[in-house]
Amino acid sequence: MRIQVVTIFPELFGPFLATSLVGRAVERGLLDVAVHDLRRWSEDKHRSVDDEPYGGGGGMVMTAPPWIRAVEELSAPAEGADAADAAVAAPPLRVLMSPQGRRLDEDLVRELAQRGDLILMCGRYEGVDERVRETVVDAEVSIGDFVLSGGELPAMVVIEATSRQVPGVVGLADSVERDSFRRGLLDYPHYTRPPRVRGLEVPPVLLSGDHAAIERWRRREALRATLEKRPDLLRQAELDDEERRALAELETPGREPGRED
């Protein structure tokens, strides 16, 4: 997977790209991330990328020309690439990190990962000139209904989330398949040693060695967690008949004959 990031603070990405799963994926060549300083495409002697907004108002707006030059250059086929290959290769998806964008969720993460070639644009100040959106932006992505000082942290979230979809990045593929939201549900509770902490015991079923019973317990507890914490997710969750029966029991006070803890 190839990701290019455009920002005026490239130094923010160094520690992130060298740490944990993302760092190992970069080191092993499973994830190719290049971070570019937007000021490289500024053509004035001060390397400026912002100016006062037309119409007045507080703050500064990022100017369009550096963004347009940067994204167009980074979108072009690599120098020396075979002409036939370049003609059929899909261009990178140009993504502006923006609170106005589509909310990042598991479906969008998978869509972005399947695209495999992204340019993540990190705005700052009051935002970017609207003509950037009109000329070199294919999609806008938001990580939530709140405003940050810039798009760098959201871009890191996109890199972290999409990289988990790349085969080999996460050691156990089963870990990805069981992630929260994968099937529209939250994850089940996890336990490890010691078996007793502050008087709280590990559910006996997890110590039973009965893998079928453990799987039933996990599926039921995922339903319980979703019902208690994010019931809105259940409207679109992918449930089989057994899970629908378990959910009906969980929704009925005092009726939990299938509980195994």
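Could you list, in sequence order, the residues of the stretch 56-68 that are closer than 18 Å to GLU134 by Cβ and in a loop (DSSP other than H, G, I, E, B)? Step through it out loud before you land on a result.
Just the residues of the stretch 56-68 that are closer than 18 Å to GLU134 by Cβ, to begin with: 61-68.
Correct list: THR63 only.
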Checklist (1) modelled with pLDDT of 95 or more; (2) out of contact with any Cys (no Cβ under 9 Å at 6 or more places or on another chain); (3) among the small types (Gly, Ala, Ser) applied to GLY254, failing item:
(1)
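Working only within the stretch 126-144, note down all residues that are modelled with pLDDT under 95 and open to solvent by 80 Å² or more (accessible area, probe 1.4 Å). Break it down stepwise before answering.
Looking only at the stretch 126-144, we keep the residues that are modelled with pLDDT under 95, and these are 126-127.
Selection gives GLU126 alone.
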Scan the stretch 162-171 and tell me whether some residue there is at pLDDT below 95, under 14 Å from the mean Cα position of the chain (by Cα), of a type outside the set (D, E, K, R) and crowded, with 17+ Cβ neighbours inside 10 Å.
yes
Please give the number of the condition PHE9 fails out of (1) more than 29 Å from PHE146 (Cα to Cα); (2) surrounded by fewer than 19 Cβ atoms within 10 Å (Cβ to Cβ); (3) under 21 Å from the mean Cα position of the chain (by Cα).
(1)
Those residues that are in a loop (DSSP other than H, G, I, E, B) and not basic (Lys, Arg), I need them from the stretch 44-55; list them, please.
ASP44, HIS46, SER48, VAL49, GLU52, PRO53, TYR54, GLY55
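Could you grab me the full set of residues in the stretch 181-233 that are β-branched (Val, Ile, Thr), open to solvent by less than 60 Å² (accessible area, probe 1.4 Å) and either out of contact with any Phe, Trp or Tyr (no Cβ under 9 Å at 6 or more places or on another chain) or under 21 Å from GLU249 (Cα atoms) (or both)? Full working, then the answer.
From the stretch 181-233, those β-branched (Val, Ile, Thr) are 192, 197, 202, 205, 214, 226; that's our starting set.
After this cut, where a residue has to be open to solvent by less than 60 Å² (accessible area, probe 1.4 Å) as well, the list is 202, 205, 214, 226.
Passing the criteria: VAL205, ILE214, THR226.
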Quick one: SER208 ticks every box in (1) polar (S, T, N, Q); (2) modelled with pLDDT under 95; (3) over 17 Å from the mean Cα position of the chain (by Cα) except a single one, so which number is it?
(2)
Regarding GLY58, is this residue under 20 Å from GLY151 (Cα atoms), of a type outside the set (S, T, N, Q), at pLDDT below 95 and more than 18 Å from the chain's Cα centre (by Cα)?
yes
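The values are calculated or read from the model by the stated rules, or taken from the named source; none is laboratory data. Predicted, not measured: the structure shown is a model, and the values here were computed from it. Note that each Cβ is placed from the backbone with ideal geometry, even for glycine, and that neighbours are counted across all protein chains shown. Note: accessible area is taken over every heavy atom of the protein model, side chains too, but ligands, DNA and RNA are not part of it. Shrake-Rupley method; radii C 1.70, N 1.55, O 1.52, S 1.80 Å.
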